[in-house]
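S.K.: What follows is a single structure, and I will ask about it in a moment.
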Amino acid sequence: MNTELIALLESHGVKPTANRLMVAKALTETIQPLSLSELERRIQTIDKSNVFRALTLFKEHHLVHAIEGSGDGTRYELCHSHCENHDEDQHPHFYCEVCQKTYCLDHLHIPEAMLPDGFEAHSVNFIIKGVCPHCREK
């Protein structure tokens, strides 16, 4: 298997099993976040429950971003964070209401939210909805 993927999983405290490596590999082969069903179609040798278990573990170890509210359920993308305890790679996403694709806007940063005393944030989900450049041209 790919030594870079093995190192990535291990750096996040995730044991690199064959199923987990296949899920991570599928996520590296796309530039857009994927839904659970899209991952299942790409990896036909693993059933949906095993893909979901891998994604859940990846999320717990800050190895994937779970993007919710993009119109078609949760989507997942590999996180470029270098730490299993903290996600330093949070960025906004754009959901096109025409083609229903979700795009990473990793060149933008999520604005810091000043929470009231007593609140503790664990994750941030920032979705911008509209029409992508490809659909605007049509």
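S.K.: Suppose only helical runs count, i.e. DSSP H with n ≥ 4. What mean residue ellipticity at 222 nm does that imply for the chain under -39500 (n - 2.57) per run, divided by all residues and rounded to the nearest 500 deg cm²/dmol?
M.R.: Theoretical 222 nm ellipticity from helices: -9000 deg cm²/dmol.
S.K.: Classify the chain: rounded, prolate or oblate, from the alpha-carbon gyration tensor (a ≥ b ≥ c, eigenvalue square roots; a/c under 1.5 rounded; otherwise prolate if a/b is larger than b/c)?
M.R.: oblate
S.K.: Suppose every Lys and Arg Cβ carries +1 and every Asp and Glu Cβ carries -1, with no other charges. What dipole size does the chain come out with about its Cα centre, to the nearest 20 debye?
M.R.: The dipole of the chain has a size of about 660 debye.
S.K.: Now, a different point. So how much slack lies between R53 and I6, counting 0.36 nm per residue of separation and subtracting their Cα-Cα distance, in nm?
M.R.: Working it through step by step, the gained length comes to 15.2 nm.
S.K.: On the full set of protein chains, 1.4 Å probe, figure out the accessible area of F126 and give it in Å² to the nearest 10.
M.R.: Only protein atoms counted, so the area is about 70 Å².
S.K.: So, one more: Could you report the accessible area of D47 in Å², rounded to 10, computed with a 1.4 Å probe on the protein chains as they sit in the structure?
M.R.: Counting only protein heavy atoms, D47 exposes about 80 Å² to solvent.
S.K.: Could you do me a favour and compute the accessible area per residue for the chain, 1.4 Å probe, result in Å²?
M.R.: On a per-residue basis, the chain sits at 63 Å².
S.K.: Going by the alpha-carbon gyration tensor, a ≥ b ≥ c the square roots of its eigenvalues, is region 85-138 rounded (a/c under 1.5) or, if a/c is not under 1.5, prolate (a/b greater than b/c) versus oblate?
M.R.: It comes out prolate by the Cα gyration axes.
S.K.: Percent relative contact order of region 89-135, based on C-alpha pairs within less than 8 angstrom and at least six residues apart?
M.R.: Rounded, it is 50 percent for region 89-135.
S.K.: While we're here: Run the simple label-point estimate for A113 and T74 please: 7 Å along Cα→C-beta, distance reported in nm.
M.R.: Output for this residue pair reads 1.7 nm.
S.K.: Next question, about the same structure. Run the accessible area of the chain with a 1.4 Å probe and give the carbon-and-sulfur part as a rounded percent.
M.R.: In the chain, the share of accessible area belonging to carbon and sulfur is 51 percent.
The values are calculated or read from the model by the stated rules, or taken from the named source; none is laboratory data. Values in this document were obtained by computation on a predicted structure and should not be read as measured data. So basically every Cβ, Gly included, is an ideal-geometry build from the backbone, and we count neighbours across all protein chains shown. These accessible areas exclude ligands, DNA and RNA; they are computed on the full protein's heavy atoms, side chains included. Shrake-Rupley method; radii C 1.70, N 1.55, O 1.52, S 1.80 Å.
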